[in-house]
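Asks: Right, I'll just put the structure down here and ask away after.
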Amino acid sequence: MAAILKQLEEIKAKIGGSPTPPTPPAQEAEYVDLGLSVKWASCNLGANSPEQPGDYYAWGETAPKEDYGTNTYKYLKAVTLEGGSREHRLTKYCTVPADGLDGFTDGKTQLEPADDAATVRLGAPWRMPTEAEAEELLNGCTWSKETINGIPCLRATSKANGKSIVICVSGFMSGTTNDTRGSMTAFWASTLSSREGDRGVAFLELGKETFSPAVGYAFRFLGLPVRPVRP
């Protein structure tokens, strides 16, 4: 027995001690096949059920946080202008020199996998939807309001196969507050707005008198939910 233990110790020393613990598996997610070009997750990223908002993310950031503002956004840097006023300039995903720090541009209009919250949290092939895929969801479904467990939601029902997904009327985070929970629906797409470089494309339903789901855009520093997709 002593000889066996000694051999085990020698083997352990040769391979550098205790083996490295395996990497924890990526967070799992279920999906619904709506008959569209991609499959949509059943819940928002970080949610345990479809009617929950899940976590909120600034566009291009991969972890939730407490404060969603210009001073906390990963890809903005404050600069002091002549006269002492302060503005913020972009350091990534910038196509207009006037918006970039010291004229910086990189021409990137689509989030890279390392900046995609769905890919980072769930692993490939999960990712955030593109603008085109959000448009496809909008136009490929009929939309209705409903309340689930006391929580206002939207239901998107596929025109192709009748299957549906539920989207929480989540509102969005600005600074440390969410004053739009229960009235406004939003989630990010992975595409930079072609109209305003400091904004990302988002699915939006503003909760006004006229029910009007749309694909628009929001300031990148705001906190919105993410609804993942996959092939």
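Asks: Out of all the residues in segment 83-96, is one or more of a type in the set (A, V, I, L, M), under 21 Å from R227 (Cβ atoms), open to solvent by less than 20 Å² (accessible area, probe 1.4 Å) and touching a helix residue (DSSP H, G or I) at 6+ places or on another chain (Cβ under 9 Å)? It would help to see each step written out before you state the result.
Replies: Start the filter on segment 83-96 by keeping residues that are of a type in the set (A, V, I, L, M), which leaves 90, 96.
In the following step, the residues that additionally are under 21 Å from R227 (Cβ atoms) were identified as none.
No, the conditions are met nowhere in segment 83-96.
So that you can scan it fast, the table gives a plain yes or no per residue for (1) over 20 Å from Y56 (Cβ atoms); (2) at pLDDT 95 or above; (3) open to solvent by 40 Å² or more (accessible area, probe 1.4 Å):
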{"position": "R127", "(1), (2), (3)": "no, yes, yes"}
{"position": "S144", "(1), (2), (3)": "yes, yes, yes"}
{"position": "T147", "(1), (2), (3)": "yes, yes, yes"}
{"position": "I151", "(1), (2), (3)": "no, yes, no"}
{"position": "L154", "(1), (2), (3)": "no, yes, no"}
{"position": "S164", "(1), (2), (3)": "yes, yes, no"}
{"position": "F172", "(1), (2), (3)": "no, yes, yes"}
{"position": "T176", "(1), (2), (3)": "no, yes, yes"}
{"position": "D179", "(1), (2), (3)": "no, yes, yes"}
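Asks: Given the options T191, T180, name the one that is touching a residue at least 12 places away in the same chain (Cβ under 8 Å) and under 18 Å from S37 (Cα atoms). Before you say what the answer is, go through the steps one by one.
Replies: Details: T180 fails: under 18 Å from S37 (Cα atoms).
Just one listed residue meets the conditions, T191.
Asks: Only residues that are open to solvent by 30 Å² or more (accessible area, probe 1.4 Å), over 17 Å from I167 (Cα atoms) and either touching a strand residue (DSSP E or B) at 6+ places or on another chain (Cβ under 7 Å) or among the β-branched types (V, I, T) (or both): list them for segment 196-229, please.
Replies: Across segment 196-229, the qualifying residues are E196, D198, R199, T210, Y217, F219, F221.
The values are calculated or read from the model by the stated rules, or taken from the named source; none is laboratory data. The structure presented is a predicted model; accordingly, all values stated were derived computationally and were not measured. Quick reminder, even Gly has a Cβ in these numbers, built from the backbone with ideal geometry, and neighbours come from all protein chains shown. Heavy atoms of the whole protein, side chains included, go into the accessibility calculation; ligands, DNA and RNA do not. Shrake-Rupley method; radii C 1.70, N 1.55, O 1.52, S 1.80 Å.
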